[in-house]
Amino acid sequence: MSDAVARGAAVLGVGAYRPRRVVSNEEICEQIDSTDEWIRTRTGIASRRWAEPDETLDHMATAAATGALEASGLDPTALGMILAASCTDVQPIQPLGVRVAAKLGTEVAALSINATCAGFCYGLGLARELVRGGTADHVLVVGAERLSDVTDHDDRGTAFIFADGAGAFVVGRSDEDAIGPVVWGSDGVRGEVLRLVPDWGEFRDDRALGSPAISMQGRRVFKWAAEEMPKAAAAACKAAGVSIADIDVLVPHQANHRITETIVKALELKDDVVVADDIVTTGNTSSASIPLAVHRLRAEGRVQRGDRALLIGFGGGLAYAAQVATLP
Ligand code: UT7
């Protein structure tokens, strides 16, 4: 076996950017017929962050990336690749990954990826392979979203859920295989349950349709996630060669705390497992939610270096990806 194949990959550092503006449930209820109690009970969300005009995707992604690089003790020039996940970037011809590279002051290879709320775990899976295969020594994976831009704030079915922010990991060479194989897949046949309506092409052709906004059949997305994600999570543990009892930290995409509870119950995790609950004050930030949740757990001292975390991304597409990763 060559050296390139034998080496492992690990998460070296984590960074985050949370927009300044805190939006309470009371503020949401000024526009929809709902209550703080309903939103808390049905989703776990007490407040969320919405980005202001100067808190662009580029700004948030670069801030999260800078934090992850600093935590890793690395200069941007050490990167061999940037993978930027987003489903709310509206400038695909000048990809977000390349824009972040420019803001970091490096001419590294960079690209944007979109697997909606699974995008970060897709990026982490790709980063692992790039590092293990010897293509890059260090890969930056960043998830950044401005979902408030594509939320219909009068829609009772979605106005309270979606939010903004960015989170990043730096992945690098390691003697140990500290990131397990990714388990991923999609169910595109059911994909119409979560999409933009109208899409940007329909809007271009008929402005009367109004600006694109997220349309979600919440119950159907919930059912898919609750049924399928425990299976994906168990498969990710198996692929990593660990048992469910070896998992110290559960970090599912922060979509709804009831989905998280369903996954916890279905997996029969150990009693003292730490479960990410960043949704309470961050809302659902799609591809940014997993690194944001990990960042908070570390900042609050609820996890330790070396803890084994099970990450599960799922959402629009319908796409999902899960892996086990040792925390830095
Ligand atoms: O990140 C991408 C992936 N996204 C997700 O994973 C989201 C998955 N889905 C969900 O999180 C949930 O489906 C929601 C939180 C979006 C909605 O919760 P739900 O429990 O599925 O609500 P529902 O649409 O089934 O409606 C239940 C009840 C209905 O009343 P009745 O018919 O039981 O009397 C609705 O009219 O709740 C009512 N309702 C509301 N009440 C107050 C629906 N929306 C609201 C609201 N405020 N905003």
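The values are calculated or read from the model by the stated rules, or taken from the named source; none is laboratory data. Just so you know, these numbers come straight off a predicted model, no measurement behind them. Cβ sites come from the backbone with ideal geometry, for glycine too, and all protein chains shown count toward neighbours.
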Filter result (charged (D, E, K, R) and either more than 13 Å from the ligand (Cβ to nearest atom) or not assigned by TED's automatic domain parsing to the domain that holds Asn25 (or both)) within region 144-169: Arg146, Asp149, Asp164
If you go through region 100-120 one residue at a time, how many are within 14 Å of the ligand (Cβ to nearest atom), closer than 16 Å to Ala64 by Cβ and out of contact with any Cys (no Cβ under 9 Å at 6 or more places or on another chain)? 1
Sort through Glu176, Glu192 and tell me the only one that's under 21 Å from Ala322 (Cα atoms), acidic (Asp, Glu) and either more than 18 Å from the chain's Cα centre (by Cα) or more than 16 Å from the ligand (Cβ to nearest atom) (or both). Glu176
The one condition in (1) assigned to a helix (DSSP H, G or I); (2) within 20 Å of Gly218 (Cβ to Cβ); (3) among the β-branched types (Val, Ile, Thr) that Ile290 fails to fulfil: (2)
For Asp272, state whether it is assigned to a loop (DSSP other than H, G, I, E, B), of a type outside the set (A, V, I, L, M), away from the ligand (no atom under 11 Å from the Cβ) and more than 21 Å from Arg40 (Cα to Cα). yes
Counting only residues that are assigned to a helix (DSSP H, G or I) and under 23 Å from His253 (Cβ atoms), which one in region 27-51 is farthest from the chain's Cα centre (by Cα)? Trp38
Might you let me know whether region 293-316 holds any residue that is more than 16 Å from Gly67 (Cβ to Cβ), in a helix (DSSP H, G or I), under 16 Å from the mean Cα position of the chain (by Cα) and within 13 Å of the ligand (Cβ to nearest atom)? yes
Any residue in region 125-153 that is on the phi > 0 side of the Ramachandran plot sitting within a Cβ distance under 7 Å of a residue that is at pLDDT below 95? List the pairs, counting only those 6 or more apart or interchain. Gly134/Ala4
Options Gly15, Gly44: the member that is over 18 Å from Asp154 (Cα atoms), at pLDDT 95 or above, within 16 Å of the ligand (Cβ to nearest atom) and of a type in the set (Gly, Ala, Ser): Gly44
Only one of (1) modelled with pLDDT of 95 or more; (2) over 25 Å from Ala63 (Cα atoms); (3) in contact with a strand residue (DSSP E or B) (Cβ under 7 Å, 6 or more places away or on another chain) does not apply to Ala266, and that is (3)
